[in-house]
Every structure is written in structure tokens, then in C-alpha cells.
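The values are calculated or read from the model by the stated rules, or taken from the named source; none is laboratory data. Keep in mind it's a predicted model, so treat the numbers as computed, not measured. Cβ atoms come from the backbone with ideal geometry, glycine included; neighbour counts cover every protein chain shown. Side chains are part of the model used for accessible areas, which takes the heavy atoms of the whole protein and leaves out ligands, DNA and RNA. Shrake-Rupley method; radii C 1.70, N 1.55, O 1.52, S 1.80 Å.
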Amino acid sequence: MIKGSDDVFENVMELAKRRGFIWPTSECYGAVAGFIDYGPLGAMMKRRVENIWRDFFVIQEGYYEIECPTIAQEAVFIASGHVKGFSDKMCQCPHCKEYLRADHVAEGGNIRNASTMNSDDLAAAIASCKCLACEEVLGTVSVFDFNLMFSTTIGPGSQRVGYLRPETAQGMFVDFTRLLRFYRDKLPFGAVQIGKSYRNEISPRQGMIRLREFTQAEAEIFVHPFEKNHHPSFKRYADYTMPLLTHFRQQSGEDPIEITMREAVDKGIIANEYVAYYVALTHDLLVTIGIRPSQVRFRQHLPDECAHYAADCWDAEIFSPRFGWVETVGIADRTDYDLKAHAEHSGTPMTVFIQYDTPKITERYRIIPNMSVLGKQYRTKAKAIFAQLEKAIPTPEGADVEVDGEIIHIPANLFEVRNEVTEVRGEDITPHVIEPSYGIDRMCYAVLEQAYDEDIADGETRTVMRLSPKVAPVQVAVFPLMTRDGLDYLAAEITKALHKQGILAEYDGGGAIGRRYRRQDEIGTPFAVTVDYETKENNTVTLRDRDTMKQVRIPITRLPEIVGALVRGTITFTSINI
Ligand code: GAP
């Protein structure tokens with residue numbers, strides 16, 4: 001329950017700053033838009049979100065994590081297409097001089113399809129729109145492309161151009177041949193990476209949603225192109241349902257539909273089992289970090305919105321009262337685009353040899369030229385004729401070959417045609433790539449925004465972050481009722497015992513017990529232990545649940561085991577069995 005007309009964004013960001021979740025960066029010099037610091041609680045919460053992501057992708061899926069540099073040489077991004085095409089259309093407000101994203105201006109003016117317009121059409125379309133900064137009508141502006149990559153130079157002398165990576169993905173593509181060997185030359189396999197990416201966003205003014213330095217968690221799953229409809233674990237999510245906003249439904253203005261992943265693939269709504277599997281896994285993961293299912297939907301890219309290399313693309317969008325539906329995860333079938341591009345630019349083959357179950361026997365003819373006669377007769381052209389004859393189609397009269405634009409007829413007595421039987425054991429294929437790409441900062445914002453709540457406790461309004469115990473930075477608070485009579489010593493010992501079990505327990509002995517509860521409620525600590533005089537008599541403590549504010553008395557000896565199970569989610573507070 002949140003009070004009347006409160007803006008959740010303002011409330012969350014105020015709390016986040018005050019309690020050490022998120023801070024503006026280098027604030028003492030004046031913060032820079034698009035950069036944030038994670039404070040002590042925010043950094044811990046972010047790690048927990050990242051570790052849940054690892055539970056899914058590294059432990060459940062078995063895709064090992066790698067770590068590549070955040071700067072790469074120019075060649076990588078020429079091959080990937082980022083140097084040429086990773087740009088947004090920009091204009092400058094003639095009144096306040098602010099640089100603006102032209103598609104955002106168009107969006108504000110209810111102009112549709114801005115992303116598909118060329119610069120001139122977009123400039124004409126936004127002339128009647130208002131500047132997003134000063135709110136004056138723009139009038140005549142020019143629209144131009146602005147590349148979002150931060151460039152730098154590598155080494156002294158500014159000789160080598162480098163770029164800060166705009167996605168972690170490219171590191172995994174350029175490591176393809178090493179990864180293939182690591183996975184013993186077998187498809188499918190995946191590599192994952194969590195790390196910083198950089199985009200010089202034109203005018204980032206949406207807090208944690210649009211940053212210039214942000215954390216991505218990406219998986220690149222390399223699959224045989226003919227096996228995309230056979231995910232080995234598809235059964236896990238075959239019956240899973242969630243709202244799917246297909247491109248047809250977007251175009252006809254309909255609501256999302258809820259169907260199983262099996263149906264979505266069978267009806268051709270989702271391109272293949274791999275994409276459907278990661279759509280469902282993503283939903284599962286988002287719910288695990290504490291996002292309410294009613295606030296998540298999966299939106300398919302419109303045909304003209306899909307990246308040029310993608311066969312199908314779905315965005316997991318999370319609803320925010322302030323920002324509307326926010327793209328938080330993108331799941332794309334990137335086909336063989338990236339591997340082919342890097343193979344071509346680097347000259348390194350990026351293929352997998354797929355052995356046939358039974359070798360294929362092929363019969364073909366081979367033309368064996370009579371070199372001594374050909375050599376004498378055609379002299380300087382003989383070598384070229386010889387090469388062309390290998391590809392020529394022989395007839396009983398001879399074969400025609402083309403050398404330097406001239407068609408030369410070679411009579412049949414100047415070559416022999418032999419039939420050859422060969423055994424083909426397999427073929428080289430370029431794998432396709434399925435890519436679930438997560439924005440960790442957007443996930444963290446959604447977690448904070450959805451956790452924020454206010455209710456009444458002890459007759460007063462309390463602010464409570466209803467964070468899932470799995471992501472709450474502090475997992476349990478330990479309070480001595482009084483900081484005397486040995487209660488403080490006992491509480492400190494209990495805190496240490498919890499630490500030994502890997503539980504982040506915070507000892508707090510300051511102020512009235514009610515105030516201590518409020519402090520922990522506000523940072524989302526899901527459980528609190530109170531050591532009182534009864535503890536000294538029977539070695540029991542009270543354990544309080546943040547959300548219901550109910551308490552149970554449990555023996556100290558069982559506390560680490562019970563709190564551990566509550567944090568992992570293997571038991572709930574109501575199912576605690578003493
Ligand atoms: N490798 C694919 C890729 O990078 P993307 O849709 O551009 O795809 C993936 O980015 C995710 O990264 C987005 O869904 C979003 O959560 C996050 N992201 C992208 N740009 C961001 C920004 N400027 N600030 C914060 N997160 C961002």
C-alpha cells in the first residue's frame with residue numbers, strides 16, 4: 001500500500017540515497033548524468049541479483065562464465081557493425097541548446113514509427129513537437145546520427161583506436177574457437193558474462209534506467225541451426241505461461257495472451273524452442289528476484305524494429321508507474337550473423353565440424369587434363385585452362401572454359417573424365433546464437449520500486465522495503481532488548497554464529513526496539529532476532545517476520561539453520577516447525 005498520489009520513483013530514490021543503496025556519482029564535484037554509485041546496501045543487493053542470475057545460467061544451464069576486457073580494439077567493433085551503425089538520431093533544441101534523442105522527442109509528440117524514419121523525415125516530423133527539456137516547440141532542426149560508443153586510444157602515441165564495449169556479447173563471439181575447444185567441439189554450448197558496458201547515451205534522465213555505464217548479464221548460446229526447435233530441457237518450461245504481446249497483437253491494439261511455451265512454439269508465435277525456453281526462464285528469474293508476475297510482460301519486436309541480424313526478438317518489460325513498460329531483458333535469435341562477420345573480418349574460421357551419423361557416399365567425376373599436349377598447344381594460357389577445366393562440364397565433344405573473358409573449347413581428346421567415389425564424414429557449419437541479454441541495473445531498479453511500501457505499525461506509518469529474502473542486503477538483524485545484563489554479549493555471539501553460516505546478520509543495539517525494527521524494515525531486512533531476559537532462562541529468542549510482523553520463539557541452536565532456510569526460500573515463516 002503506497003500513500004495517495006506519491007510518486008514511487010521519488011520515494012524510492014530518496015530512500016535509496018538516504019540509506020546507502022544508490023548515490024549520484026562524484027557528487028561533491030556535481031554529479032554526471034548517466035553514472036551512479038551503488039552504496040553499501042545497493043552493491044550487496046546487486047551482487048545477490050547477479051548471483052541469482054548465475055544460479056540460473058551457470059548452475060542450472062551449465063554455461064560457464066568468462067570475463068573479457070571492457071575495452072576492445074577497433075577491428076572487433078568494425079566487424080560487429082557497431083562502428084558504422086550503433087547510433088541514435090539526435091537533434092539540438094534551438095532554444096535551450098539541449099541535445100535530444102529525436103525518437104524520444106517524436107514519442108513525446110505522439111508521432112509513431114519514428115525509429116523507421118530517415119533523418120530528414122524525422123526532422124520534418126518533430127518540427128511541431130516540444131523540446132523535452134525547455135518545452136518550447138522545436139521548429140526547424142536538423143537530425144543527425146550520433147554513435148553511442150565511447151572511443152579511446154590504446155597505448156601511448158594514440159596509434160590504436162579502441163572502444164569501451166557497448167555490450168559484453170562481442171567478447172564471447174571473438175572467443176568462439178577457444179570456447180568450442182573448451183566444450184570439446186560439441187554443440188550446443190553457451191558462454192555467459194556479467195560486466196560493465198558503456199553507451200554514451202544522448203540525454204539520460206531516467207535514473208537507473210538509462211545509464212552511460214551499466215552492468216549487463218549476457219548469455220550466448222551456440223546452437224546447430226537445424227536444432228533450434230529441440231532444446232534438450234524444453235520440458236522444464238513447456239507448460240509455463242506468461243503474458244505474450246505478439247507483434248500482431250501490438251499492431252491490432254490487443255492485450256497480451258497467456259499461452260504455454262509449447263503452444264507458442266507450435267503456433268509459430270515464438271520462432272523456436274530455444275527462444276521460448278529463455279523467455280520462460282527469464283520470467284522465472286525475474287519472479288525469483290522479487291518482481292510481481294502481474295508487472296511483467298514479454299513484447300515481441302515489430303518486424304521493422306528487429307535488429308537486422310535477428311530472426312526473432314522478445315523483450316521482457318517490467319511496469320513502472322513512473323516510466324511505463326521498461327525493457328529490461330532482450331532475448332534474440334541472432335542467427336549466424338556475428339560469427340560470420342568475425343570470421344570474415346578476422347580470417348579465422350568460426351565453424352563447427354558436424355559428423356554425420358553415417359558417412360555420405362558421393363560420386364563425382366574428375367577431369368584429368370593431358371598437360372603435355374595442353375601445355376604445348378596453349379602455352380601461357382595452359383595453367384589457367386587447367387584450373388578452369390576442374391570446374392567445367394564435359395560433353396562427348398569436349399568442354400568450354402573461360403579464360404580472361406575468352407571462351408576456349410577444349411576437345412575431348414585433351415582430357416580424361418574419371419568417376420570418383422568419396423566418403424564425406426561430416427560438414428562444417430556456422431552455429432546460430434540465441435542471446436538472452438539482461439540489464440542488471442534495470443532489474444535492481446524494478447526490485448527496489450516494487451519492494452517499496454508503506455503501512456501502519458504500532459499506530460504509525462512505517463516505510464518497508466518488501467525485498468525478497470533472496471536479494472535483501474542484510475538478511476537478519478539481531479537486537480539485544482537492552483545493552484546490559486549480558487543480553488548484548490549473547491546477541492553478539494548469535495550474530496557471530498549466523499556469520500559462520502554465511503548469513504549477513506547485522507547487530508543493532510541502538511535506540512528503542514521499535515525504532516530498530518523501523519530502521520531494518522526500511523532497508524528490507526526480512527527477519528529480526530530479539531534477545532531478551534527469557535533468552536537467559538531457556539536459550540530461546542524471538543524471530544520476527546518483516547512483512548507480517550509476527551514473531552515466533554525458537555531455540556538459539558536452531559537459529560542459523562532456520563534463518564538459512566528462510567533466506568534460501570526452502571521454508572516460509574508460517575511453516576517454521578519448532
Ligand atoms: N547484446 C544485446 C544487447 O546489448 P540491448 O537491448 O541493447 O541488447 C540489453 O541491451 C539490456 O541491457 C537491455 O534490455 C537493458 O536492460 C540494458 N541496457 C541497455 N542500455 C542500457 C542503458 N543505457 N542503461 C541501463 N541499461 C541498459
Of the residues in the range 287-307, those that are open to solvent by 20 Å² or more (accessible area, probe 1.4 Å) and more than 13 Å from the ligand (Cβ to nearest atom) come to Val287, Thr288, Gly290, Arg292, Pro293, Ser294, Gln295, Arg297, Leu302, Pro303, Asp304
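Counting just the residues of the range 489-511 that are farther than 25 Å from Ala451 by Cβ and open to solvent by 50 Å² or more (accessible area, probe 1.4 Å), which one comes out farthest from the chain's Cα centre (by Cα)?
My answer is Tyr489.
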All-but-one check, Ile126 against (1) in contact (Cβ under 8 Å) with a residue 40 or more places away in the chain; (2) in contact with a helix residue (DSSP H, G or I) (Cβ under 8 Å, 6 or more places away or on another chain), failing number (1)
Filtering the range 539-552 down to residues that are on the phi < 0 side of the Ramachandran plot and open to solvent by 70 Å² or more (accessible area, probe 1.4 Å) yields Thr548, Lys550, Gln551
Given (1) under 19 Å from the mean Cα position of the chain (by Cα); (2) buried (at least 21 other Cβ atoms within 10 Å of the Cβ), Ala310 misses just (2)
Scanning the range 293-322 residue by residue, the ones that are touching a Phe, Trp or Tyr at 6+ places or on another chain (Cβ under 9 Å) and outside any strand (DSSP E or B) total 9
TODO: Return a yes/no flag: does the range 341-351 have any residue that is among the hydrophobic types (A, V, I, L, M, F, W, C) and within 16 Å of the ligand (Cβ to nearest atom).
DONE: yes
Among residues of the range 553-574 being of a type in the set (Val, Ile, Thr) and crowded, with 17+ Cβ neighbours inside 10 Å, the residue farthest from Thr542 (Cα to Cα) is Val567
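Looking for whichever is β-branched (Val, Ile, Thr), within 16 Å of the ligand (Cβ to nearest atom) and not in a strand (DSSP E or B) here; the options are Val433, Val471, Val447. Which one fits?
Val447
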Evaluate the following for Glu254: is it more than 19 Å from the chain's Cα centre (by Cα) and outside any loop (DSSP other than H, G, I, E, B)? no
Scanning the range 515-543 for residues that are in contact with a helix residue (DSSP H, G or I) (Cβ under 7 Å, 6 or more places away or on another chain), closer than 17 Å to Leu467 by Cα and not in a loop (DSSP other than H, G, I, E, B) gives Glu522, Phe527, Ala528
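Could you list all residues from the range 474-492 that are in a loop (DSSP other than H, G, I, E, B) and either under 27 Å from Lys46 (Cβ atoms) or of a type outside the set (Lys, Arg) (or both)? Step through it out loud before you land on a result.
So the first thing to find is which residues in the range 474-492 are in a loop (DSSP other than H, G, I, E, B), and the list is 474-475, 481-486.
Those that are in a loop (DSSP other than H, G, I, E, B) and either under 27 Å from Lys46 (Cβ atoms) or of a type outside the set (Lys, Arg) (or both): Val474, Gln475, Leu481, Met482, Thr483, Asp485, Gly486.
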Given (1) modelled with pLDDT of 95 or more; (2) touching a helix residue (DSSP H, G or I) at 6+ places or on another chain (Cβ under 9 Å); (3) not acidic (Asp, Glu), Ala492 misses just (2)
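Tell me which residues, restricted to the range 565-578, are within 16 Å of Asp55 (Cβ to Cβ) and either basic (Lys, Arg) or in a helix (DSSP H, G or I) (or both).
Matches in the range 565-578: Val567, Arg568.
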Of Glu65, Glu61, Glu135, the only residue that is closer than 20 Å to Gly439 by Cα and open to solvent by 70 Å² or more (accessible area, probe 1.4 Å) is Glu65
- Are any of the residues in the range 70-87 acidic (Asp, Glu) and open to solvent by less than 50 Å² (accessible area, probe 1.4 Å)? no
Counting only strands (runs of 3 or more DSSP E) entirely within the range 117-227, those with at least 2 residues that are within 16 Å of the ligand (Cβ to nearest atom) and under 17 Å from Arg334 (Cβ atoms) are 189-198, 213-223
Among helices (runs of 4 or more DSSP H) entirely inside the range 323-390, those with 1 or more residues being modelled with pLDDT of 95 or more are 337-346
Pairing a residue in the range 428-439 that is open to solvent by less than 20 Å² (accessible area, probe 1.4 Å) with any residue that is among the basic types (Lys, Arg) and not in a strand (DSSP E or B), where Cβ atoms lie under 9 Å and the two sit 6 or more apart in sequence or on different chains, gives Ile434/Lys228
Subset of the range 160-197, residues touching a strand residue (DSSP E or B) at 6+ places or on another chain (Cβ under 7 Å) and free of Cβ contacts under 8 Å to residues at least 40 places away in the same chain, comes to Tyr183
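Could you look through the range 260-277, keep only residues that are in a helix (DSSP H, G or I) and touching a residue at least 40 places away in the same chain (Cβ under 8 Å), and pick out the one that is farthest from the chain's Cα centre (by Cα)? Write out each step before concluding.
First, the residues of the range 260-277 that are in a helix (DSSP H, G or I): 261-266, 273-277.
With the extra rule that they be touching a residue at least 40 places away in the same chain (Cβ under 8 Å), the set shrinks to 273-277.
On the way: Glu273: 19, Tyr274: 16, Val275: 14, Ala276: 16, Tyr277: 15 Å.
Per the stated criteria, the residue is Glu273.
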Within the range 228-240, of all residues that are open to solvent by 20 Å² or more (accessible area, probe 1.4 Å) and not in a loop (DSSP other than H, G, I, E, B), the one farthest from the ligand (Cβ to nearest atom) is Lys235
When the range 551-572 is checked residue by residue, the ones that are of a type in the set (Lys, Arg) and under 22 Å from Leu487 (Cβ atoms) are Arg553, Arg558
Look at Asp266 and say whether it is more than 15 Å from the ligand (Cβ to nearest atom), open to solvent by 10 Å² or more (accessible area, probe 1.4 Å) and at pLDDT below 95. no
